[in-house]
1. Grab the DSSP H runs of the chain that are 4 residues or longer, score each as -39,500 (n - 2.57), total them, divide by all residues and round the 222 nm result to the nearest 500 deg cm²/dmol.
2. Subtracting the Cα-Cα distance from 0.36 nm times the residue separation, let me have the gained length for residue 337 to residue 179 in nm, one decimal.
3. Once you keep just the Cα pairs under 8 angstrom separated by 6 or more residues, what percentage relative contact order results for the stretch 257-358?
4. Listing 100, 329 from the residue with the fewest other Cβ atoms within 10 Å to the one with the most, what is the order?
5. What relative contact order, as a whole-number percentage, does the stretch 7-181 give when Cα pairs under 8 Å and 6 or more residues apart are counted?
6. Hey, fewest Cβ within 10 Å first, where do 32, 206, 253, 341 land in order?
7. Working from the alpha-carbon coordinates of the stretch 7-181, get Rg over Rh, Rh being the Kirkwood radius.
8. Work out how far the C-alpha atoms of the stretch 325-366 reach from end to end along every principal axis, then list the three figures in whole Å, largest first.
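Nothing in this text is a laboratory measurement; each read-out follows from the coordinates by a stated rule. Keep in mind that what you see is a predicted model, and the values were worked out from it rather than measured. Cβ coordinates were reconstructed from backbone atoms using ideal geometry, including for glycine residues, and neighbour counts include every protein chain displayed.
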Amino acid sequence: MRKKKNKIALVGMYGGMWQEYNPGCYLVGYKTYSEIKKRFPKEKIDVFAIHNRLKSNKIITEDKFNLIPLNFFSRDIQLSLLEETLNRYDALIIGGDIVWGGDDVVEDNDIFFVNSKKILRSRKPKVIFNCVHTFYNNKRIKIVKNKFKNACSRADYISVRTKPIQQRLKNIGINKKVNFVPDIVLDLDIDGINKIKEIILPKAKTLKPKLGISIRFKLINELIESLKKINLDRYEVYFFAQSRQYDNLKTVTTIKKIFGNKFNYIEQYYNPLESFKLISYFDFLINDTFHGLIAAALQNVPFISIDIEPEKTSRKDQLLDCLGINKQWNIRLTYHNHKNTENLTKKINNLLNHKFRINQTKLRETQRLIRKHFDTIEEIIKS
């Protein structure tokens, strides 16, 4: 008898929260799809991506970069999609990235908790949580703990992106094993990135080392005031737009309007893989996105992290742990804080004079953990 083929569905926020193709979201999907396809080359693998602003009862398929066909669906049909379409698959791989929500930016979607009585009662499909993240803190998670308990009780495998989340789930009474797995993009295939066509930067005015800066528009006032006081004379400075989600292009055009030809400006968005490669052109990076820092780390670019996440157990702190980097390289800010400008100015001026070093042994250990994670997922699907 011919062995039955597996049908596998990946379900996440792979096209960004509203189909803006945030680089990190897409790269999580790209890495997951690549690993599953490598392990199941003959099986049917479909990728579903939520679009939080879509108003439609239809699935909209798009393969914008000729890499992964994404099946976009609306929040409005998420539970019917789960109960009537996804329940036909053998395995659902959910996430990673911030699919468990928990703040005013990332919406809390029922589909990522498999929050359907029909699905929670059933034994099929297998449910795998793929290195997921949440912004729920210790206090607020208690309000929705039943959703977390239901999701985890239904899961065949649970992996989360940070150790504090692992502990947080234990604190609300989830006794099932929860595995810590660092962000899977830390094991992205750099050879594949290197094959992408070359990116042409604006012509440098000097032979100084290139410093790339990409910061969200919400921090524009602090950034402007800090730039007046930070000593960047030893660098050829480039402002670039990494992510539409954070209005980076608006930051670039605003800085250009104020500082003119003092800096260089890259006034366009690139696709997620090109955005990753772009960072390799710099000799130093100042960035406030999680996956921008991963792009720097994997391409041997020293960086300063700007962190606005509201707790000290942030993703970026965890990232620095995985890379063996001192926490001083992560500058903590909070929105609308009058001390932000002083904090940025003082710490960036200081860090630009320090030697940056990644612990390559810790990075290789992290990558081995990620590969073992996908081996485990393979075993569960085959079982």
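1. Values: 13 runs with 133 residues, N = 383.
Here the helix-only value at 222 nm equals -10500 deg cm²/dmol.
2. Working: separation 158, 0.36 × 158 = 56.88 nm, distance 3.56 nm.
Additional length available on full extension: 53.3 nm.
3. On the way: 95 pairs, mean separation 20.7, N = 102.
Taking the mean separation of contacting Cα pairs over the length of the stretch 257-358, I get 20 percent.
4. Numbers: 100 27, 329 19.
Starting with the residue having the fewest Cβ neighbours, the order is 329, 100.
5. On the way: 335 pairs, mean separation 32.7, N = 175.
It rounds to 19 percent for the stretch 7-181.
6. On the way: 32 26, 206 9, 253 14, 341 20.
The most exposed by this proxy come first: 206, 253, 341, 32.
7. Details: Rg = 15.1 Å, Rh = 16.1 Å.
My calculation puts Rg/Rh at 0.94.
8. Here the Cα extents, ordered largest to smallest, are 40, 23, 8 Å.
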